[in-house]
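S.K.: Quick one: the structure is below, questions incoming.
The values are calculated or read from the model by the stated rules, or taken from the named source; none is laboratory data. Quantities reported herein were computed from a predicted structural model and do not represent experimental measurements. Cβ placement follows ideal geometry from the backbone for every residue including glycine, while neighbour counts extend to all protein chains displayed. These area figures cover heavy atoms from the full protein model, side chains too; ligands, DNA and RNA do not enter into them. Shrake-Rupley method; radii C 1.70, N 1.55, O 1.52, S 1.80 Å.
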Amino acid sequence: MKRFLSFLTALALGVSIFIAPTSIFADSKTAGATNLPDHITLTWTQDPTTTQTITWRTDTAVNSGQVQYGKDPSLKDAKTIDATAQKFSSDLGDMNIHSATLTGLEPGTKYYYRVGYGSNFSSIYSFTTEAKDTNSFKFLIFGDSQSGIATDPQYGPWKTTIQNAYKANKDAKFFINVGDLVEIGQMYAHWNNWFDAAKGVIDTIPEMPVEGNHETYQSANYNSGKPKDFVNLFPVPQNGPDGLKGQVYSFDYGNAHIVMLNSQEDEEESVSGDILEAQKAWLDKDLSSTNKTWKIIFFHKTPYYNKATRSNEQIKAAFQPIIDKYHVDVVFNGHDHGYSRTYPIKNDQYVKSPADGTVYVVTGRSGNKYYPDLSQKVWDAFFYDPQDQPSYIVATINGNTLTIKAVKQDGTPIDTYSITKNPDGTETDSPETVVPTKFNATMLTIYGNMLQQPFMPSNPKQINGKWYVPARAFMQYLGSNVDWNANGTINITYGKTQANIAIGSTTAQLNGKKLAISDAIVSDNGLTWISADDLKALFGFNYKYDSNTNMLMFVK
């Protein structure tokens, strides 16, 4: 239900539709595969210095495939390797997915290749292997590229974003999509148009994708299951935990160790079990085994989010202790379609240096969809709401310096941030982190937003050592009502939950049933105050007091 409501909100309020020329899109009523190879895709399944995995599709009449490759642009004296072919059934029909991994390649070398069989070969493309012992390279990061509407697979904005990004960064070695590549993962019209938009880039530099919640969706009804299209279309290292191979993996490039996790607990629990628990031991072992200078993690859903009332506390609780244990440098997320960068964080608290914590980056949007309810949260050192146009990130590693540059689709810079690891073990960043100072008065935050109520106090207060907050201000922020009755009771409605509470009573009626509450509602100077403990009991809001900033923080 939570996913469905989020979809309805996005559809009604938050989708930017780009009407693109239909000629750039494949026929959305058929699979579109022919005897000629298309959807030619580079990924890595093994060592990027000496191997390259190449994948493409044809119709089911073509059961064989080959890669011809060599250093000569004309493929004179080219080597040939056979590909494997696997029948793949989509909602639009069957096709064959062909894949081959070239091995024994020379590091730092440009190769030319074409794929096909018999008289049906593709054009000639090229790729370049990772240079030996490189500690200087660039890669591109794209937030959600989805179309925004299940029945309208428009990927014109995604095409402009990826093409502009690569044109401006021809030295990029690979790119990463941080989940929600397409709107409906098992509706192949979306993949047809996504691949068409990425042509010219995805066949030249490898794509190392992250799974998002939309990759799990099976139909226009947004019912979820295993992300079969995603797993079959993108061969990746099979080094993830059992049951999640192809969805969770890690690889090294240069002096960086890069990890892709799966945050889709809500969508996949019914078909895959507790996927967060399944990843914890694997992630601990994976990070303990690397000695790379940089540790970078990607997963889709945001522990430090931009949305007004959408948090992911379960994901934070699963991954953050391990992220802190091994001092991951940066975590990149998607899902919220905004761009934000936190202060360095450890144990869910701000720290003064990236040497002491992890910076979390929400990567913006590279496709159609945007939200109208994004905002800068109390943990954000930088925030940008990309409603005007999509954006992308250019990440550069130059030895002991990592630079993150966020750029609008048209090339306008948004944010630049860098971390440098110094020989003495310290780390410096630019712009330099300035941790927020402690507020003089206790401040109330809901979902990371500072509560602003011009006509009533927004500060919580303590009564007999317990926290109380102004009931009307709190519930109005959430779009809910607090009504007073003549008999001295109040009605609080939040979603499908309705509570009726008498002033001074320690019992409440919750959806018509009697419930004991720990603290009585208090009326003071014409205002009604409700305890933090009872907000948790009645409506499920967790809270914590942060002494470093003097903030009382609520989240559900």
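S.K.: Just the Kirkwood number for the range 156-202, please: inverse of mean 1/r across all distinct Cα pairs, in Å, one decimal.
M.R.: 11.4
S.K.: Hey, another quick one. Just from the alpha-carbon atoms, what are the Rg and Dmax of the range 190-307 in angstroms?
M.R.: 15.1, 45
S.K.: If you find the alpha carbon centre of the range 253-286 and of the range 398-415, how far apart are they in angstrom?
M.R.: Each part's Cα centre sits 27 Å from the other's.
S.K.: What do you get for Rg/Rh of the range 395-436 when both radii come from the Cα atoms and Rh is the Kirkwood radius?
M.R.: 1.07
S.K.: Here's something else I'd like to know. Going out from 0 in 10 Å bins, what whole percent of all Cα-Cα distances in the chain drops into each bin?
M.R.: 3, 17, 26, 25, 15, 8, 4, 1, 0, 0
S.K.: Per 5 Å bin, what is the whole-percent P(r) computed from every C-alpha pair distance within the range 164-253?
M.R.: The distribution over the range 164-253 is 3, 13, 22, 23, 18, 13, 5, 2, 0, given as percents.
S.K.: Counting only the backbone N, which residues of the range 39-59 are under 14 Å from the spot 7 Å out from the Cα of residue 109 toward its beta-carbon?
M.R.: Correct set: 49-52.
S.K.: Of the options 302, 553, 55, report the single residue whose Cα projects farthest towards the positive end of the charge dipole of the chain (beta-carbon charges: Lys, Arg +1; Asp, Glu -1).
M.R.: 553
S.K.: If a helix is a whole DSSP H run, which ones in the chain reach 24 Å or further along their own axis (Cα) and hold a mean Kyte-Doolittle hydropathy of at least 1.6?
M.R.: Within the chain not a single helix satisfies the rule.
S.K.: Separate question: Too long at a 28 Å Cα-Cα cut-off: which of 226/280; 466/556; 408/438; 377/514; 325/556?
M.R.: Violating the 28 Å limit, Cα to Cα: 408/438; 377/514.
S.K.: On full extension of the chain, what length is gained from residue 314 through residue 432, given 0.36 nm per residue of separation minus the C-alpha to C-alpha distance?
M.R.: 39.4 nm
S.K.: Give me a comma-separated list of calculated 3J(HN,Hα) values for the range 399-412, in order, Karplus coefficients 6.51, -1.76, 1.60 applied at θ = phi - 60°, integers in Hz, x for any Gly or Pro.
M.R.: After applying 6.51 cos²θ - 1.76 cosθ + 1.60, I find x, 8, 10, 10, 10, 10, 10, 8, 9, 5, 3, 8, x, 5 Hz.
S.K.: Right, next: Given the pairs 245/369; 352/544; 199/421; 87/132; 173/421; 461/513, which are separated by over 27 angstrom at their Cα positions?
M.R.: Check vs 27 Å cut-off fails for 245/369; 199/421; 87/132; 461/513.
S.K.: Output the peptides 173-180, 411-418, 150-157, 234-241 sorted from most to least packed, where packing is the average of other Cβ atoms within 10 Å over each peptide's residues.
M.R.: Ranked by mean Cβ neighbours within 10 Å, highest first: 173-180, 150-157, 234-241, 411-418.
S.K.: Let me ask something else. Cβ neighbours within 10 Å, averaged per peptide: list 109-118, 489-498 in order, most packed at the top.
M.R.: Highest-to-lowest ranking by the protection proxy: 109-118, 489-498.
S.K.: While we're here: Would you mind pulling out the separation of the Cα centroids of the range 102-153 and the range 234-248, in Å?
M.R.: So the separation of the two Cα centres works out to 19 Å.
S.K.: Using every pair of alpha-carbon atoms in the range 495-556, split the distances into 5 Å bins beginning at 0 and state the percent of pairs per bin, rounded to integers.
M.R.: For the range 495-556, the binned pair fractions read 4, 17, 24, 22, 19, 10, 4, 1, 0 percent.
S.K.: What Rg and what Dmax come out for the range 110-239 when only alpha-carbon atoms are used, in angstroms?
M.R.: Taking only Cα atoms of the range 110-239, I get Rg and Dmax of 15.7, 48 Å.
S.K.: Highest mean first, how do 247-258, 185-196, 373-384 rank when packing is the count of other Cβ atoms within 10 Å averaged over residues?
M.R.: So the peptides 247-258, 185-196, 373-384, ranked by packing, come out 185-196, 247-258, 373-384.
S.K.: Considering the range 314-472, what Rg and Dmax in Å follow from its alpha-carbon atoms?
M.R.: That works out to 17.9, 57 Å for Rg and Dmax.
S.K.: What's log10 of I(q)/I(0) for the range 294-336 at q = 0.23 Å⁻¹, Debye sum over Cα points only, no solvent?
M.R.: -0.78
S.K.: Give me the orientation-averaged projected area of the Cα convex hull of the range 378-495, in nm², one decimal.
M.R.: 13.1
S.K.: Could you list the square roots of 5 times each eigenvalue of the Cα gyration tensor of the range 224-271, that is, the equivalent ellipsoid semi-axes, sorted largest first and rounded to whole Å?
M.R.: 22, 12, 9
S.K.: May I ask you to give the percent of accessible area on the chain that is carbon plus sulfur, with a probe radius of 1.4 Å?
M.R.: 48
S.K.: If you don't mind, there's one more thing I want to ask. Along each of the three principal axes of the Cα atoms of the range 214-370, give the extent in whole Å, ordering the values from largest to smallest.
M.R.: For the range 214-370, the Cα spread along each principal axis is 46, 36, 27 Å.
S.K.: Once the range 407-556 is represented by equal point scatterers at the alpha-carbon sites, with solvent omitted, what log10 I(q)/I(0) does the Debye formula produce at q = 0.08, 0.18 Å⁻¹?
M.R.: Once normalised to I(0) and log-transformed, intensities are -0.34, -1.04.
S.K.: Additional query: Please grab the % of Cα pairs in the range 33-132 that end up more than 23 Å from each other.
M.R.: Roughly 24 percent, rounded to a whole number.
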